[in-house]
Every structure is written in C-alpha cells, then in structure tokens.
Amino acid sequence: MTSANAADAAFWSDVSGHVMRYGPVFERRVIERAEGSYVYDTAGKPILDFTSGQMSALLGHSHPEIVRTVQEQIGKLDHLFSGMLSKPVVDLCARLGGMVPGLEKVMLLSTGGESNEAAIRLAKCVTGKHEVVAFSKSWHGMTGAAASATYSAARKGYGPAQVGSFAIPAPHAYRPRFTHADGSLDWQTELDDAFALIDSQSTGSLAAFIAEPILSSGGIIDLPEGYLAALKKKCEEREMLLILDEAQTGVGRTGTMFAFERDGVVPDILTLSKTLGAGLPLSAVLTSTEIEEKAHEKGYIFLTTHVSDPLPAAVGLAVLDVVRNEGLIARATEAGTLLREGMQALQQRHDCIGDVRGRGLLLGLEIVTDRASKTPDLEMGDRIAAAAMERGLSMNIVKVPAMGAVFRIAPPLTATDEEIGQGLEIMGDALKAAETA
C-alpha cells in the first residue's frame, strides 16, 4: 500500500469511527483546497463548484479581497462581548440599513437559521401573537421556531413543533394545483383558498408569514410576479408581519440586490445569511425603525455568543464592496441567461429534463421519467449527479420524493463564461452517460 493509499484509508477510518452523520451521504473525494469556481481533492483534481459550496460562496472560493480582509481583521479585532460595538459592525449595519427604505435597523448574527429565529421572535414580540405560517416546501433552519417553519424535510421523529405552526402550498407553475382555462397556474385562487384554511385553523393569533422568494430546498420554486404583493396584502389584512428569508437569493444572486425588489414589495422583516458572508458565517436581520422601536419598548432580547462580531462584519463589508466594484449583480443576469439558455438546449436533447426554472444564477433542472406524467426520477437524478462528479462537476440534487428530483445549480457570481460553458458541457456528457447506464 502506498503512503497516499494508507493516508486515505486512515482518513476514512477516522470518518467511520468519529464523524457524526448529520444528513448527507459524504462525497468520497476528500477536498483539500479551493480557489475561484473550483475545489480540489487530495489528488489535485479540480471539481467545478456549481453549488457555491453550501449555496453560499457568492464570490467563489478564496477571493483575494476576502482573504485580505480576514487576514487583516483577525490580527486586529475578531470577537467582543455582545454589549460592545465596533466600527465594522456599525459600518455594515449602516450599509445594509441604507439599501431599502423601511428596512433601516439591522442586527448581525452568524447563520441563516439563527437570523430566522431572531426574526420570528421579533414578530412575536411586536405583534403579541404566536402563530407562524410558512410554505409546505420551505426550509428556514434546524432550530426551534425556524425548524417549526421548515416543511420540506426533517420534521418527523423530533417531537412536537412549536404551537401555532401552519403551512400553505407553494405556488408551483410546473405542477399547478389551481389552473386557469389554459392550464396555467392560478396562484391567486390558490392563495385565497390557502388563507381560508389558515383562517379556519387560527386561534386569532397570527404573528407572521415567513417565505423564501425562491424556495430552494423546495425545488427552486420561484414565486410568480404579483404573488408577494398579494401575500403582503393577506398579512396586512390579518395584522401579521411578512418575513422574507433571502439566505440564497440575497446580495445579487437573482439579478437584483434582493429578490423581492423585482416585485416592488418590501417585507416587514428581511433575513440575510449564506451569500452575505460569501461562505463565512454571517447573517443579518433587517427591519423598520418603527418595528425595532416597538420591540425595544417591549424588551426584545436575542443574545447569542457571536452577535455583532467584528470579523464577520468586516467580511460582509468586503463582500458588498466586491459585488459593487465588480458589477456582479448585472453579471448574475448575464451569466444566468447564458446558463439557462444552455440548460434549455440540453432540455431539447434529453427527454428526462422536465423543467428548467429559476432566476439569475439560482436555477433548477428537474429530472422526470417522462414529460407527460412529470413523475420525478430520483434514480436518474442520482446517476446524473454521479456521472457529473466523476467528470469534475459538483451539482446538488434535491431528491426528496415530495419535491421531485431537482438539481439546484448556483455557480459563483464570479464564474466566467468559459466556466459556465465547461459546466454545461459536463452536464451534457453526464446526461448521456446516465441515460445509457
């Protein structure tokens, strides 16, 4: 046995003996480093990263500005007592709080789940109510209130969810539940029907609706134009707050700074995470001055170990600088169009591709047994994913039966046209290989 083989065997022995399993099947290639749009295994083989890590590495891996910022800040100021403030924290709050009128107040935290916990807690505090509504294909986190508002997976076997947790169907143009005469999605009727059911179940204590503008783990379900405005109206009629979770859609990925901008609707509370830190643990809760004042008067508390930490705040400022200076919001639209058109061309050649959807550089590719039945083909999805990884492309597939077999494709905003082309070429080869396997 060579030394490399011995080291590999020892690594996987340690994995088997000591690494707790937490959901995914571990990829057998061990990643040693990453740069730009690629990660590299221990053999030095490049893998094109079309999931931006955990849908987070907005600027690719090891972006020079992020590396410089971390190196500089870690030697100056990294962590403080939660009652102390620093310039990076206040600067980032001011930067974020100046982006959207009505979202002036900002709190900085670590993860998406944590920011959603803080947002739901804020809504309950301000309204004095406790019921929270979410989409039936949602993912908002794995703790407490966030887990109770997560319906796409991982609900069974952990005891009761929080009291007052309700779900409504997500409007899905590819699989519409309510249709117009021409067969297209009638989302308004669906929304009316859903809230009629919510009203019949509510005890009169509706505090908030929490939603992703594009449901990612739900299978890249893009809320139709007009839906958010109608949803906001439903909330206002019931004196409940609208929370938008832009963990994956925020900071330019969909072609606007925030996905809700397309619809001209401002939420009562906005949460950011993943893309804000570009892969490092940073999240934020944004709300209005009025809501923040009410919460403060009522004694709102959300203390965590890493609230208002200077190091991630400095990274967040660098991320916003890079997005602005490199024109990456416009780039998301440009590269997203190139990628989407390439995927649609693949759809014309491969009957197993039922649908191509999404916005900007957050796209979905749904795999089906046939286009008439639209039955999700989980086995084919697995074969395509394995064939792609073998050829040097990492794509993440959502394969929970209730959601379909959907590849979530989200390259970094810094990906070049050549890298987009390379990814499409590998996708085509992987589809061919999977179809003949």
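The values are calculated or read from the model by the stated rules, or taken from the named source; none is laboratory data. Since we're looking at a predicted model, the values are computed, not measured. Positions of Cβ are backbone-derived with ideal geometry, glycine not excepted, and every protein chain shown enters the neighbour counts. Ligands, DNA and RNA are excluded from the accessible area calculation, which covers all protein heavy atoms including side chains. Shrake-Rupley method; radii C 1.70, N 1.55, O 1.52, S 1.80 Å.
Can you confirm whether SER86 is more than 23 Å from THR249 (Cα to Cα), in contact (Cβ under 8 Å) with a residue 40 or more places away in the chain and open to solvent by less than 50 Å² (accessible area, probe 1.4 Å)? For SER86, the condition - more than 23 Å from THR249 (Cα to Cα), in contact (Cβ under 8 Å) with a residue 40 or more places away in the chain and open to solvent by less than 50 Å² (accessible area, probe 1.4 Å) - is met.
Looking only at residues in the range 36-45 that are closer than 25 Å to VAL322 by Cα and out of contact with any Gly (no Cβ under 6 Å at 6 or more places or on another chain), the one that is least open to solvent (accessible area, probe 1.4 Å) is VAL39.
Listed here are the residues, each with its yes/no results for (1) in contact with a Cys (Cβ under 7 Å, 6 or more places away or on another chain); (2) aliphatic (A, V, I, L, M); (3) within 15 Å of MET395 (Cβ to Cβ); (4) assigned to a strand (DSSP E or B).
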{"position": "ALA335", "(1), (2), (3), (4)": "no, yes, no, no"}
{"position": "LEU338", "(1), (2), (3), (4)": "no, yes, no, no"}
{"position": "MET343", "(1), (2), (3), (4)": "no, yes, yes, no"}
{"position": "LEU346", "(1), (2), (3), (4)": "no, yes, yes, no"}
{"position": "GLY354", "(1), (2), (3), (4)": "no, no, no, yes"}
{"position": "GLY364", "(1), (2), (3), (4)": "no, no, yes, yes"}
{"position": "ASP370", "(1), (2), (3), (4)": "no, no, no, no"}
{"position": "LYS374", "(1), (2), (3), (4)": "no, no, no, no"}
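Could we say that LEU48 is assigned to a loop (DSSP other than H, G, I, E, B) and surrounded by 16 or more Cβ atoms within 10 Å (Cβ to Cβ) here? Against the criterion (assigned to a loop (DSSP other than H, G, I, E, B) and surrounded by 16 or more Cβ atoms within 10 Å (Cβ to Cβ)), LEU48 does not qualify. Among residues of the range 156-176 that are open to solvent by less than 70 Å² (accessible area, probe 1.4 Å), those with a beta-carbon under 9 Å from a residue that is assigned to a loop (DSSP other than H, G, I, E, B) and aromatic (Phe, Trp, Tyr) at least six positions away or on a different chain give the pairs SER165/TYR151; ALA167/TYR151; PRO171/PHE178. When THR271, THR203, THR189, THR254 are checked against the criterion of being in a strand (DSSP E or B) and either touching a Phe, Trp or Tyr at 6+ places or on another chain (Cβ under 9 Å) or at pLDDT 95 or above (or both), THR271 stands alone in meeting it. Just a yes or no: is a residue in the range 387-397 more than 18 Å from the chain's Cα centre (by Cα), in contact (Cβ under 8 Å) with a residue 24 or more places away in the chain and in a strand (DSSP E or B)? Within the range 387-397 (the criterion being more than 18 Å from the chain's Cα centre (by Cα), in contact (Cβ under 8 Å) with a residue 24 or more places away in the chain and in a strand (DSSP E or B)), the answer is yes, since at least one residue qualifies. Scanning the range 379-395 for any residue that is open to solvent by 30 Å² or more (accessible area, probe 1.4 Å) and within 20 Å of ILE221 (Cα to Cα) turns up nothing. Here ALA295 meets each of (1) open to solvent by 60 Å² or more (accessible area, probe 1.4 Å); (2) assigned to a helix (DSSP H, G or I) with one exception, condition (1).
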